[in-house]
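Before any comments, here is the structure.
We did not get these values from a lab; they are worked out from the coordinates using the rules stated. Bear in mind that the values here come from a model prediction, so they are computed numbers and not experimental data. Neighbour counts are summed over all protein chains in view; Cβ atoms, including those assigned to glycine, are modelled from backbone coordinates with ideal geometry.
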Number of protein chains: 2
Amino acid sequence: VSAADLVQRVIANEPRAVARALRLVDDRMPGTHELLRALWPHTGRATVIGVTGNPGAGKSTLCDRMIGLYRARGDRVGVIAVDPSSPLSGGAILGDRLRMSSHALDEGVFIRSLATRGELGGLSRTSRDAIRVLDASGHAVVIVETVGVGQDEIEIASTAHSTLVVTTPGLGDEVQALKAGLLECADVFAVNKADREGADAAIRDLELMISLGDASVLALSRQNGSGWSVPIIRCVATRTEGVAEVVAALDRHRQWLDTHPAGLARRRKRLEQEVRSSLRDELVDTAMRDLGPHLNAAVDDIEARRVDPYEATSNLIMRFMRAGS
Amino acid sequence: VSAADLVQRVIANEPRAVARALRLVDDRMPGTHELLRALWPHTGRATVIGVTGNPGAGKSTLCDRMIGLYRARGDRVGVIAVDPSSPLSGGAILGDRLRMSSHALDEGVFIRSLATRGELGGLSRTSRDAIRVLDASGHAVVIVETVGVGQDEIEIASTAHSTLVVTTPGLGDEVQALKAGLLECADVFAVNKADREGADAAIRDLELMISLGDASVLALSRQNGSGWSVPIIRCVATRTEGVAEVVAALDRHRQWLDTHPAGLARRRKRLEQEVRSSLRDELVDTAMRDLGPHLNAAVDDIEARRVDPYEATSNLIMRFMRAGS
C-alpha cells in the first residue's frame, strides 16, 4: 500500500486502513510523520471526550452506554482505551474491554487499546496522534478512556475538548485522595452506581470540593466561574440511567467551548499545551538520537565521578545545540 | 544565609538547613543548580528504597515500621512521600502522613511530602534532587513512597536502588490490573494484611505473575534470573509482623547490586536512566525559555491553519538548535 493510498483509505474510513494507521502511529514506524501531516487537513471536526476516574468506577460501562446514545443519533464513535498496566495484564484488560463489546460488530464504532510505553510522554503522544487518525476518518466523537491517576493520564485528559470524570460512592480514603487530582481536569462529573448507599454523601463531597476549587488559584487556569460550572450527574450505567444527562452535559460543554469567550480561551490553551507537548517529545527524540554515543561517555564519566551529573547534562545540551548550526 | 553556608549546614544535617534545601529544590528556586552541584561530592552513600503499591495497601504503615527497624540499628532515615493528588486534597494526605508520625519527634528521621507538579517530568526531577539532599545530609536510608499507578510513579521508583512493591489480598479486578504495571519494577514484594482471607491466593497469583515475567522479554531488562529472584514476603504491618523479613530482603538486594555482575549492570542502567531523565528535563526547560514568543506565534499559525503542527514543531526545533551556535 502506498502512503498516499493509505491516507485516502483512512479518510474514507476503511476499517483496515484505520487499524493500520493506528498501528503505525502506536509503533512510531517510519512514515508516521508523513501520514499525520497528510491527515492533518482532514482533522478538526471530531469532538474529543476524555473519560477518566478511579479504577472500578465503571468507566467502561458508562462509555459503552454513551456510545449507544451517540450511535442512536448517527454519530460515528472512536474509542481509545489507555491502560497504565503492562502487556502481562492482558487478561484483566481484555475483560475490561469486553464490557464495551456490545458495539464490537458495529462498523460505526472503532475501539482501540493503547499500551503504556516505557518512555515518559510516549503515551500521550500516541494518544494525541491516534485521536487525529480517528478524527480524519470521520468519527464525530472520539472518546479517550484512561485510569485517571498519574500525571500522564491527566495530560492525556487535557488533550480532550471535554473531560468527564467518573466516580462512585463509598471508595476508601486513599482512593478518594486520588480523586482530588482529577478534580482540576473535570468539566463534567458523573457519580456512577448512584443507587448505592453513600451517593448523597459523595455528591456533597464533590460539591464542596468544586466550591473550594472555584475559590482557588487552580480554578483560574480552568476558566471556571466564566460561564461554566461543573455539573455533577448521577447515573447507573449498568441500567442506562442518567447516561442521556451525561451526554447532554458534554454537548453543552462543547457548545460553551465554541461560543463563550472563556471557552474559546480554553481551546486556545489546549492547543498551546498540545504544541508544547509535541515540541517536548520531538526535541527529546532528536537529542537522544543525535547524542547517542556521547550520552554513554557522559554516564562513564559520572560513574567514575570525573564529572557531576549537572555539568555533564549542560555539556550534552551544548553539544546538541552546536550540532544544529 | 550564603550558599556555601547552606551547603555546610546540609552536610552537617541541621534539620532547618535540610528543610530549606528541600524547599529550594521543590520550588526550583534560583541557586538550586549550584546547591546540587556543591552537594554532589557528598552523595552516593545512601541506599534508596522505592516503596510503591496500590492505594490502600498499607504502604505508609509498613514504611513506619521499617523506619523503626532502621533506627534500631542506628541508620538515619529520610522519607520522600510523593502523592499524585493536588494541594486540594491536603486533608487526606495529612491523614496518610500521620500514620508515620510515631517518628515525628525523632531527629534521625526526616519526612517530606512532595506535591505533584503541572509539568510532566517535574515530579521525578524533584524527587531525584530531594534524594540527593537527604543523601548528602547523611541519611543512610532514603525511602521514596509513591502510589504506584502512573508512568511517573514508575519512573520515580526506577531511581531507587531497590523497589519494594506492597500489595494486599482481596482487591478488585481493575485494581489488580494496575498491579501488573508494578510487577516489572518489583525487587521485593510485600503482601501486607496477610492475616486477611485470600492471602494465599494473592501470593499464588504473584508467584504465577513473577514466573510468567521471568519467561518474558521484560525480565531481561530487569536482570532477573541472574542471581536475583523476587522474594514475596507476608506481613501484617500494623502488628509489625514480617517487617524484619522485608528489611532483610532489601538488605540482600542491595548486596546483590553491589557484588553480582548483573547487579552492577543494573546500577549502571539506573544511572544511565537518571542521566537521560535529567537531560530531558534540562533540555525542555532550556528550549521553552529560549523559544517563548516563537512558541506563541506557532500556536497562532496552527490555530489559523496556516501551518500544520508537525511542520511548526520542526521549525521550532531548528530555531532552538540554531540559537546555540
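In the structure shown, the pairs B:LYS59/B:LYS269; A:LYS269/B:LYS269; A:LYS59/B:LYS59; A:LYS59/A:LYS269; A:LYS193/A:LYS269 are assessed against 32 Å; a Cα-Cα span above that value is assigned to A:LYS269/B:LYS269; A:LYS193/A:LYS269. Note on region B:260-325: the alpha carbon radius of gyration divided by the globular reference 2.2 N^0.38 Å gives 1.65. Under 15 Å from a label point set 7 Å out along the Cα-to-Cβ vector of A:ALA140, the amide N atoms of region A:244-285 belong to A:247-248, A:250-252, A:254-255.
Summing +1 for each Lys or Arg and -1 for each Asp or Glu among the other residues whose beta-carbon sits under 10 angstrom from that of A:ARG76 gives -2.
Inter-chain Cβ neighbour count for B:27-39, averaged per residue, equals 1 (cutoff 10 Å, partner chain atoms only).
Take peptides A:57-70, B:298-311 and line them up by average Cβ neighbours within 10 Å, highest first, as a rough protection proxy.
Numbers: A:57-70: 23.3, B:298-311: 16.0.
Output ranking for A:57-70, B:298-311: A:57-70, B:298-311.
The fewest-to-most ranking of A:MET209, A:MET288 by surrounding Cβ atoms within 10 Å reads A:MET288, A:MET209. For A:SER211, the distances from its label point to the matching points in the remaining copies are 5.7 nm, ordered from shortest, with each point set 7 Å beyond Cα toward Cβ. Neighbouring Cβ atoms from other chains, within 10 Å of the Cβ of residues in A:54-61, number 3 on average. Between A:ALA190 and A:VAL165, A:VAL166, A:THR167, A:ILE233, the built amide H atoms are under 5 Å apart, and every one of these is 5 or more places off in sequence or on another chain.
Averaged over the residues of B:261-273, the number of partner chain Cβ atoms lying within 10 Å of the residue Cβ comes to 1.
Report, in debye and to the nearest 20, how large the dipole of region A:19-76 comes out about its Cα centre when Lys and Arg carry +1 and Asp and Glu carry -1 on their Cβ.
Values: 10 positive and 5 negative charges, 37 e Å.
So the dipole magnitude of region A:19-76 works out to roughly 180 debye.
Less than 5 angstrom separates the built amide H of A:GLY78 from those of A:PHE110, A:VAL141, A:VAL142, A:ILE143, all sequence-distant by 5 or more or on a different chain.
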